[in-house]
Every structure is written in C-alpha cells, then in structure tokens.
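The structure appears below as structure tokens.
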Amino acid sequence: IMAPKKRETRKRKAEDPKKDGDTMEKEPRSEEVRKRDISGCSKYIGAHVGIQGGIWKAVDSCVTMGGSSFALFLGSQRSWTRPALDSSAADKFLEQCSLHKFDPAHILPHGSYLMNCGSPKEDVFQKSQALLVDELSRCSRLGLTLYNFHPGSSLGTITTEECMDKIASAINHAHQQTPTVVTVLENMSGQGSTVGGKFSELKTIIDKVRDQSRMGVCLDTCHAFAAGYDLTAEGGVRAMLDEFDQQVGLKYLKAIHLNDSKGKTTPHQWIINSKLGCNLDRHEDIGKGHIGISAFRDIVNEPRLDNIPLILETPGRPGFEYAEQIELLYSLCNNGQRYTEPL
Ligand SMILES: [Zn+2]
Ligand SMILES: [Zn+2]
C-alpha cells in the first residue's frame with residue numbers, strides 16, 4: 001500500500017536527468033547493499049515493502065531502508081485468482097534472501113484483503129479457502145515459514161462462534177493441503193462483526209485448529225489500541241503482553257505490526273469512530289499518533305519481543321518514511337529510560 005508511492009517517487013527521479021545523478025548513485029546495487037549490523041540488539045525492525053517489478057525486489061527494498069525484517073504481499077490485492085508464481089522470480093527471491101542473510105522467521109507475508117475465511121457466504125468462504133491454500137503454497141516455494149492474515153468476519157449474519165468454526169476449518173483444510181507454513185492470525189480492532197479483536201477469540205480459533213504447532217499470532221499495535229489496550233499508559237505494552245500470555249500464550253507470538261494510531265484522543269472514542277473506516281487508513285507514523293513514542297520505546301526494549309519481526313505499516317510520509325522510522329526505533333533500542341520528550 002505504501003510502496004507504490006515510493007516507486008512513483010523513484011520513477012519521477014529517474015525521469016529527471018538533473019536529479020538522476022545524485023539520487024540514483026546513493027542507491028547501492030544489490031550486491032553492495034548490506035543488511036544493518038544489529039549485533040548487540042535482538043530486535044528485528046522492518047517494514048511492509050512492495051513487490052512491484054518482481055517479488056525479489058522486496059528484499060532489496062528492505063535492506064535499502066535499513067530494515068532487519070519485512071512484510072510483503074504475495075500478489076495482487078484485487079484478484080481472487082493469480083497467475084502461477086514464476087519460478088525464476090521465486091529463485092531470485094530465495095537468492096536475495098540468502099545474499100542478505102534473512103532468516104525466514106523475520107519475513108512475514110501478509111494475506112490478501114479479499115479473503116474472509118469466516119464468511120457466511122458459501123462462495124466467498126470457498127474462494128477464501130482456496131486463496132489461503134494458494135498463498136501458503138507460494139510461501140513454501142519462497143522458502144517462507146510464516147503467513148499472516150486477518151481471521152475473518154461474520155458480517156453479522158452468523159454467530160462469532162460459527163464464524164470462528166469456519167475460520168478454523170479453512171485453516172485445517174489449508175494445513176492439510178500444504179506442508180509446513182505457520183498460519184499467523186492478526187489481532188483486529190474489534191469492530192463490528194470482525195473476529196479477533198479479543199485475544200480470547202484468537203485463542204478459540206487456535207484451539208479449534210488440529211495442528212497448533214502451525215499456529216501463530218501477530219499483534220498489531222494500532223488494532224490493539226483500538227480494541228481497548230491502552231498502550232499510552234505507563235506499562236501499557238507490558239500489560240498487553242501479560243494479558244496475551246495469559247489468554248493465548250507467548251509461544252504463539254510470531255510478530256508485531258508497529259503502527260501508531262491516528263484520530264481520536266482515547267481508545268474508546270477511537271473505537272466508535274473506526275466504524276466508519278477501514279483499519280489500515282487509521283495507521284499513523286510512529287510517534288505521530290495517539291499511541292505516541294513511549295509505547296514504541298517500550299516495545300523495542302521489551303525482551304519478550306526479541307527475535308521476532310517488528311513490522312511498520314505506517315503511512316511513511318515524506319521526510320519520515322520507513323527508513324527514518326526504522327532509524328528512530330533503533331535509536332530507542334537498548335535505552336532503559338522511558339522517552340518523555342515530544343518528537
Ligand atoms: Zn493486517
Ligand atoms: Zn497490521
């Protein structure tokens with residue numbers, strides 16, 4: 001979602017011969033880009049990167065912005081069916097990952113927004129289930145071990161329990177059809193008929209799945225804040241993780257989506273307002289929204305979040321793009337003192 005903007009910027013630069021010299025030279029060729037040296041730090045901070053021009057380009061984009069982990073889509077967000085994954089593209093992706101020494105545990109593909117594995121409409125459920133199988137197969141081919149998606153929605157016409165049954169059955173089916181990839185449920189903002197706002201719902205889905213060794217959770221800070229976890233409070237991050245541990249279990253926590261939240265002054269008001277829009281539109285750049293910088297400082301210093309991908313899905317406005325936000329987050333890392341100054 002954010003990456004196309006970047007592509008356009010790059011294209012414009014490339015078309016402008018005056019700018020070409022300065023800007024293009026700064027971009028190292030892929031053989032020369034080096035992953036950030038994070039020795040001494042166990043946080044893998046990165047961002048959702050685009051796949052325009054080839055899925056392998058995601059790896060380079062991540063390294064170029066100084067990321068240590070990344071998320072990506074596995075194909076178009078507009079279509080239920082996609083052309084088969086090009087074999088040479090998959091090989092290039094694997095080469096790039098190995099060149100930059102990415103551990104698959106630090107790469108978190110994001111599922112298609114079209115999918116609703118909890119849909120009461122039989123055709124949508126069938127298409128969602130098929131797309132889930134297709135995306136997990138793509139992950140396997142790309143050497144990926146995690147796959148993050150939104151659990152689903154009852155659309156208000158079936159019960160939450162029935163919706164969770166459907167989601168679990170789609171996951172069970174997909175697990176049967178594909179070898180090893182871990183399906184990672186994302187927590188939602190708890191709006192309307194969407195399932196997964198409560199940690200207990202994520203746990204219920206996991207319980208209904210046969211192979212729980214292939215289940216995981218990705219916690220999105222913006223969604224958690226919207227669902228009522230007050231990350232602005234002192235110790236808010238710790239409290240959320242404690243609750244997650246009690247209700248779901250930390251062993252299931254595979255990733256974090258690092259998003260500030262725009263709009264309202266309190267989580268409660270935010271919930272009321274978010275009925276009007278989609279979750280992604282409400283993400284805000286780190287430290288620029290209502291969660292604020294302190295929570296993110298706590299996150300990058302929280303030992304329970306070591307060695308998992310911490311992924312930005314923020315707007316990345318000009319002057320504060322992913323590279324700058326990643327830099328900011330790393331600058332807060334390993335600092336015991338709580339950040340109190342405004343940005
Ligand atoms: Zn998501
Ligand atoms: Zn997210």
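The values are calculated or read from the model by the stated rules, or taken from the named source; none is laboratory data. Computed from a predicted model, the values in this text were never measured in an experiment. Quick reminder, even Gly has a Cβ in these numbers, built from the backbone with ideal geometry, and neighbours come from all protein chains shown.
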**Prompt:** How many of the residues making up region 201-236 are assigned to a helix (DSSP H, G or I) and within 16 Å of ligand 1 (Cβ to nearest atom)?
**Reply:** 9
**Asked** For region 20-32, does any single residue satisfy the condition of being modelled with pLDDT of 90 or more and more than 16 Å from ligand 1 (Cβ to nearest atom)?
**Response** no
**Asked** Of all residues in region 183-196, which are surrounded by 22 or more Cβ atoms within 10 Å (Cβ to Cβ) and either free of Cβ contacts under 8 Å to residues at least 24 places away in the same chain or touching a helix residue (DSSP H, G or I) at 6+ places or on another chain (Cβ under 6 Å) (or both)?
**Response** 183, 185, 187, 188, 189, 195, 196
**Message:** I need a count of the residues in region 140-177 that are more than 16 Å from residue 109 (Cα to Cα), hydroxyl-bearing (Ser, Thr, Tyr) and away from ligand 1 (no atom under 16 Å from the Cβ).
**Reply:** 5
**Prompt:** Taking region 197-236 as the region of interest, how many residues are of a type in the set (A, V, I, L, M), away from ligand 2 (no atom under 16 Å from the Cβ) and crowded, with 16+ Cβ neighbours inside 10 Å?
**Reply:** 4
**Message:** Show the residue pairs meeting these rules: Cβ distance below 8 Å; 6+ apart or different chains; first residue within region 214-236 and within 28 Å of residue 172 (Cα to Cα); second residue more than 13 Å from ligand 1 (Cβ to nearest atom) and of a type in the set (Phe, Trp, Tyr).
**Reply:** 215/252; 216/252; 217/244; 217/252; 219/244; 221/296
**Prompt:** If you go through region 158-165 one residue at a time, do you hit one that is of a type in the set (D, E, K, R) and within 19 Å of the chain's Cα centre (by Cα)?
**Reply:** no
**Candidate set from region 38-49 (those that are modelled with pLDDT of 85 or more and part of a loop (DSSP other than H, G, I, E, B)); member that is nearest to residue 148 (Cα to Cα)** = 49
**Message:** Within region 181-195, take every residue that is more than 15 Å from the chain's Cα centre (by Cα) and within 24 Å of residue 290 (Cβ to Cβ) and give me the one that is modelled with the highest pLDDT.
**Reply:** 194
**Request:** Of all residues in region 249-264, count the ones that are farther than 15 Å from residue 296 by Cβ and buried (at least 24 other Cβ atoms within 10 Å of the Cβ).
**Result:** 1
**Request:** Scan region 133-150 and report the pairs whose first residue is charged (D, E, K, R) and whose second residue is more than 16 Å from ligand 1 (Cβ to nearest atom) and in a loop (DSSP other than H, G, I, E, B), with Cβ atoms within less than 6 Å and a gap of 6+ or a chain change.
**Result:** 138/85; 141/85
**Complete:** Here the residues within region 181-199 that are part of a loop (DSSP other than H, G, I, E, B), closer than 19 Å to residue 221 by Cβ and out of contact with any Lys or Arg (no Cβ under 7 Å at 6 or more places or on another chain) are 187, 188, 189, 196, 197, 198
**Prompt:** So, of the residues in region 178-196 that are of a type in the set (A, V, I, L, M, F, W, C) and more than 16 Å from ligand 2 (Cβ to nearest atom), which turns out to be nearest to residue 140 (Cα to Cα)?
**Reply:** 181
**Scope region 320-336; condition in a loop (DSSP other than H, G, I, E, B) and either modelled with pLDDT of 95 or more or in contact with a Leu (Cβ under 9 Å, 6 or more places away or on another chain) (or both); matching residues** = 320, 321
**Asked** Can you name every residue in region 178-189 that is within 14 Å of ligand 1 (Cβ to nearest atom) and out of contact with any Cys (no Cβ under 6 Å at 6 or more places or on another chain)?
**Response** 183, 185, 187, 188, 189
**Prompt:** Scanning for something within 22 Å of residue 296 (Cα to Cα) and modelled with pLDDT under 95, does region 212-222 turn up at least one residue?
**Reply:** yes
